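One structure is given below, encoded as structure tokens.
The values are calculated or read from the model by the stated rules, or taken from the named source; none is laboratory data. These numbers come from a predicted model, not from an experiment. We place every Cβ from the backbone using ideal geometry, glycine too, and count neighbours over all the protein chains shown. For accessibility, only protein heavy atoms count, side chains too; no ligands or nucleic acids. Shrake-Rupley method; radii C 1.70, N 1.55, O 1.52, S 1.80 Å.
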Amino acid sequence: MNPNNWLTVSSFIAIATLLSIEVGWLTKKGTLPLTSNIPYSEAQQQFLQVWVNIALLIGLIVPIVMAIVFWQQPDICQFFSCYLVAVFIQLASEIGFSRWLCKSVVVTIGTIYTGFRIWQLWYGLQLAIYPQPWLSCLWLVLLFWVANLIMLFTMAYPTIISESKQRV
């Protein structure tokens, strides 16, 4: 299955949206052992401010530049188009669902979309033989999202898992 075609991306977005709504709603109702807010420490908040800026640069601006550079190559153009649509839908979901349901739902949304994005990038690396500077940029984007997944599991999830609900 190709993660960089419109049917796969649309199906993924539909499933991710339903799962995010379910997790957000169950968290808001108190059914899941997750906090509604994200109680980050001061140091974690400072780290996240830097991390978000790095994410914008590496995860969004670099792919946009690469999409412009490779606009004439249909397979690569479709790859970057699918990637960027998924990124923008993720951002819209995080903004909307964190206001409507609960703030901590962004951790679940980030995890789901980051996993999909890693799959998209791995598949995109196999599409063509990229010139060296662009190949390095694409690997940088992939490695950043792997690091983001590690950050989610080591910092974000431990912060939102409710200790009082773990003991029940």
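Can you tell me what percent of all Cα-Cα pairs in the chain are more than 22 Å apart?
Value for the chain: 46 percent of Cα pairs lie more than 22 Å apart.
Leaving out ligands and nucleic acids, note down the accessible area per residue over the chain with a 1.4 angstrom probe, in whole Å².
Roughly 55 Å² per residue, with all protein chains present.
Helix 74-100 versus the longest principal axis of the chain: what is the Cα-based angle in degrees, 0 to 90, to the nearest 10?
20 degrees
Can you tell which of L125, W25, I112 lies farthest toward the positive end of the dipole of the chain, using +1 and -1 charges on the Cβ of basic and acidic side chains (Lys, Arg; Asp, Glu)?
Of L125, W25, I112, it is W25.
Run the dipole for the chain about the Cα centre, Lys and Arg Cβ at +1, Asp and Glu Cβ at -1, nothing else charged, and hand back the magnitude in debye, nearest 20.
400 debye
Which far-off residues, 5 or more places away or on another chain, put their amide H under 5 Å from the one on L34, with H placed in the peptide plane?
Hits under the 5 Å cutoff: S162.
Based on the mean of other Cβ atoms within 10 Å per residue, sort peptides 136-148, 45-57 so the most packed one is first.
The peptides rank, most packed first, as 136-148, 45-57.
Mind checking the full-extension length gain between R99 and W6? Use 0.36 nm per residue of separation minus the Cα-Cα distance, one decimal, nm.
30.7 nm
How high is the relative contact order of the chain? Use alpha-carbon pairs under 8 Å, at least six apart in sequence, and give a whole percent.
The value is 36 percent.
What is the spin-label model distance, in nm, from L149 to I21 if the labels are put 7 Å beyond Cα along the C-beta direction?
Simple spin-label model gives 2.7 nm for this pair.
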